[in-house]
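Engineer: Below: one structure in C-alpha cells.
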Amino acid sequence: MNKLTIIGNLTRDPELRTTSTGINVCTFTVAVNRRRSANNGQPEADFFRVTAWRQLGENCQRYLAKGRKVAVVGPVSVQTYTGNDGTQRFSLEVTADDVEFLSSRSDDAGYAPVAPAQPAAAAPAMSGFQEVDDDDLPF
C-alpha cells in the first residue's frame, strides 16, 4: 500500500489550473519539519509537491495560503528532473486523497467567511442540540 500522511506548512499560495477536459487541479508545496536540526542548529525540512483534483483542489485554492498548516494523505511518487545547473534532481509528489486544514481562523483572517446554513432566527435552541428522552433511544 502506498499511502503517505504529512503535516506541514504551505511554502506559497496554491495554484489552480483547469485541464483541457475541464477538470480543476490545484498544486502547492508543503514543507515538513524534521524532528532534528542540522549541525548548524537550523531546522531541516522536507518539501512535498501536492496535487489535489476536482472539488478538493478548488477548496484548497479557496481556503489555503502561504504559511497555513495542513495535513495531506495520499500516495507518493518520486519524479526526476534536470535542474538549471544540469544536475539531476528528485521531487516527492503526493496526489491528495484528503487535505485537512489545520490552521485556525484566528491564525489568519484570510479565510473566506462561511455563510450560515440557516437564518439565525431559525437556529434551534441550545446551539443545534436537541433534547432526547431516554425512552426514544433504540438501545
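Engineer: For the list (1) of a type in the set (K, R); (2) surrounded by fewer than 11 Cβ atoms within 10 Å (Cβ to Cβ); (3) in contact (Cβ under 8 Å) with a residue 24 or more places away in the chain, I need the number of the one condition that R49 fails.
Structural biologist: Here R49 clears every test but (2).
Engineer: Tell me which residues, restricted to the stretch 12-34, are in contact with a Phe, Trp or Tyr (Cβ under 9 Å, 6 or more places away or on another chain), surrounded by 15 or more Cβ atoms within 10 Å (Cβ to Cβ) and farther than 16 Å from S77 by Cα.
Structural biologist: Matches in the stretch 12-34: P14, N24, V25, C26, A31, V32.
Throughout, read-outs are computed from the coordinates displayed, never taken from laboratory work. Keep in mind it's a predicted model, so treat the numbers as computed, not measured. Glycine gets a Cβ as well: all are built from the backbone with ideal geometry, and neighbour counts include every protein chain shown.
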